[in-house]
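Structure first, then comments.
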Amino acid sequence: MNIPNILTSVRIFMIPVLVVIYYLPWEGRYHACAVIFALAAVTDWLDGYLARKLNQTTPFGAFFDPVADKIMVAIALVLLVASYANPLLTLASAVIIGREIVISALREWMAEMGKRASVAVSYIGKLKTAMQMLAIFILLGSRPDTALAHVGEAVLIAAALLTLWSMYVYLKAAWPELRSQESNKK
């Protein structure tokens, strides 16, 4: 175990803590959950930075870092959908979670073909992630039906639109390979 892997593991262990605190009958739970999510987002950046800087990349980190990130985001969105009961927030959350499933499968498939670089993380993907993290942070830290919560909802909708754009960029990059595999089967 090295520092980046420890940070990834801590992020994984933060997930059940987030869920438990979110449902506590305690007024401070919103801010506590926002802080937990912010710490998870910081450790996500920090473990990747340290792994590259200290040359401590490992198979464990390569696999669990993106998994921990996607699970944390998905669980946070599920909590928010349950609390907010807002059709637009639900749709935005479904788009974000659905895109993650599609792109993860696409990356795995492209990696099997030795073409993973074709679907490497792009600038739009990084921007999408930043918007998602900001939106979830705001929403977790706000009571539903407050002005700040409405700002968070708007940011999440913008993040969902960026998510669709990012998915389009990845699918467009992979399309020639998808088409060539289909042609090879005929």
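The values are calculated or read from the model by the stated rules, or taken from the named source; none is laboratory data. Not measured: the values here are computed from a predicted model. No Cβ is skipped: glycine too gets one built from the backbone with ideal geometry, and neighbour counts run over all protein chains shown. Please note that ligands, DNA and RNA were not included when accessible areas were found on the heavy atoms of the full protein model with its side chains. Shrake-Rupley method; radii C 1.70, N 1.55, O 1.52, S 1.80 Å.
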Accessible area per residue, 1.4 Å probe, Å², for region 2-124: what's the number? 54
What is the angle, in °, between the Cα long axis of helix 87-112 and the longest principal axis of the Cα atoms in the chain? Nearest 10 is fine, range 0 to 90. 30
Calculate, in nm to one decimal, what Trp45 and Glu177 gain on full extension: separation in residues at 0.36 nm each, minus their alpha carbon distance. 44.4 nm
Return one number: the angle in degrees, 0 to 90 and rounded to the nearest 10, between the long axis of the Cα atoms of helix 29-53 and the longest principal axis of the Cα atoms of the chain. 30
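Write down the Kirkwood hydrodynamic radius of region 40-97, to one decimal in angstroms, obtained as one divided by the mean of 1/r over all alpha carbon pairs.
On the way: mean 1/r = 0.0777 Å⁻¹.
About 12.9 Å, per the Kirkwood formula over Cα pairs.
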Calculate I(q)/I(0) for the chain by the Debye formula, one identical point scatterer on each C-alpha and no solvent, and give its log10 at q = 0.10, 0.11, 0.12 Å⁻¹ to two decimals. -0.44, -0.53, -0.62
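Using R₀ = 22 Å, calculate the FRET efficiency as 1/(1 + (r/R₀)^6) where r is the Cβ-Cβ separation of Val151 and Trp26; round to 0.05.
Details: r = 24 Å, r/R0 = 1.07.
Efficiency, rounded to the nearest 0.05: 0.40.
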I'd like the carbon and sulfur percentage of the solvent accessible area for region 39-186, probe radius 1.4 Å, heavy atoms only, ligands and nucleic acids excluded. 69
